[in-house]
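Step one of this worksheet: look at the structure below.
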Amino acid sequence: MRAQSSATTASPIAVTAPRPGTGPGTVQAALGVTAFSLTFPATAWGLESFGPWSLVAVRAVLAAVVAGGCLLALRVRLPARRHLAGLAVVAAGVVLGFPMLTTLALQTSTTAHAAVVVGLLPLTTAAFSALRTGVRPSRRFWLAAVTGAAAVLAFTLGQSGGALTAADACLFGALLVCAAGYTEGGRLARVMPGWQVIGWALVLCLPIGVPAAAVALAYEPVHPTGHGIAGLLWVAVGSQFLGLVVWYRGMAAIGVPRASQLQLAQPLLTLVWSALLLGEHFTAAAPLTAVAVLVCIAVTQRS
């Protein structure tokens with residue numbers, strides 16, 4: 001992919017073109033997508049035991065404790081002041097905004113319907129990246145991205161009956177804040193290790209997360225179950241920390257637009273997990289959509 005940068009010099013973070021065909025970066029981004037594909041089913045499990053506000057606050061605190069422990073154990077220096085604004089965007093979008101909005105949506109929406117958000121996320125992330133960094137992917141890239149997003153959107157809407165729900169406002173809001181967080185995190189991952197990007201973003205949320213968790217747990221009843229605890233642990237450690245570690249490393253290696261297109265497969269993976277873990281059903285359109293998505297991913301990776 002050839003890209004021209006017109007805004008790099010105006011940014012405090014130098015952005016360089018990723019090396020094409022970077023295998024390890026693609027693998028790391030794909031591992032992140034796999035971890036994220038379990039987020040909605042795990043959230044549905046977590047809601048069996050916790051209220052929505054308790055689940056979001058406690059997951060943020062648990063993830064921050066794990067991340068902070070790693071930062072302390074490895075004696076990582078505090079981030080430079082010029083990176084704090086970017087880390088705040090990551091914290092607001094990825095640590096707080098997306099989990100909160102999607103958890104609220106999943107109270108009244110199925111995981112299949114919520115997967116619409118993930119289907120549109122790659123295109124939105126690529127658009128945010130182009131605006132933020134000045135990188136301009138090729139027309140072929142955009143055509144494949146739009147085609148893949150349209151295929152995933154049609155499939156996920158078909159699975160949910162094509163009906164819009166009151167949760168859609170939360171889902172589309174989550175889409176926007178997450179794309180902004182992914183873009184800023186991908187840029188920061190070029191100047192510091194990806195796990196430190198999400199680690200510091202999580203730590204920044206502790207002053208908000210701890211009192212929020214205390215208040216939420218005091219007002220929302222908790223009914224511990226095996227599913228509920230497992231769901232909480234996964235969204236806190238698997239999705240919120242470990243998944244984002246490999247995801248940001250992958251974005252730093254292959255670039256935000258290319259990495260974001262791997263998420264085109266995430267709704268399909270989410271539907272599979274939903275069928276296996278939640279007993280939800282989907283039609284025979286799944287394999288056809290999967291083939292279309294894989295073709296689109298292949299095109300974006302080569303353009």
Scan region 229-251 and give yes if some residue there is not in a helix (DSSP H, G or I) and not basic (Lys, Arg), otherwise no.
no
If ALA115 satisfies every condition in (1) part of a helix (DSSP H, G or I); (2) more than 24 Å from ALA213 (Cβ to Cβ); (3) touching a residue at least 40 places away in the same chain (Cβ under 8 Å); (4) more than 15 Å from the chain's Cα centre (by Cα) but one, which is the exception?
(4)
Complete set of residues in region 127-142 that are surrounded by fewer than 17 Cβ atoms within 10 Å (Cβ to Cβ) and touching a residue at least 60 places away in the same chain (Cβ under 8 Å)
ARG136, SER138, ARG140
Could you identify the single residue in SER239, SER274 that is modelled with pLDDT of 85 or more, among the hydroxyl-bearing types (Ser, Thr, Tyr), closer than 26 Å to PRO24 by Cβ and open to solvent by less than 10 Å² (accessible area, probe 1.4 Å)?
SER239
Of the conditions (1) in contact with a Ser or Thr (Cβ under 8 Å, 6 or more places away or on another chain); (2) in a helix (DSSP H, G or I); (3) among the aliphatic types (A, V, I, L, M), LEU277 fails just one. Which one is it?
(1)
Being in contact with a Gly (Cβ under 9 Å, 6 or more places away or on another chain) and surrounded by fewer than 18 Cβ atoms within 10 Å (Cβ to Cβ) is the requirement here; does TYR219 meet it?
yes
Filter region 171-205 for residues that are under 18 Å from HIS83 (Cα atoms), in a helix (DSSP H, G or I) and open to solvent by 50 Å² or more (accessible area, probe 1.4 Å) and give the result.
LEU204
Does VAL256 fit the bill of being open to solvent by 70 Å² or more (accessible area, probe 1.4 Å), at pLDDT below 90, β-branched (Val, Ile, Thr) and within 19 Å of VAL118 (Cα to Cα)?
no
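The values are calculated or read from the model by the stated rules, or taken from the named source; none is laboratory data. Keep in mind that this is a model prediction, so the values were computed, not measured. All Cβ positions, even for glycine, are placed from backbone atoms using ideal geometry, and neighbour counts span all protein chains on display. Keep in mind that these areas ignore ligands, DNA and RNA; they rest on the heavy atoms of the full protein, side chains included. Shrake-Rupley method; radii C 1.70, N 1.55, O 1.52, S 1.80 Å.
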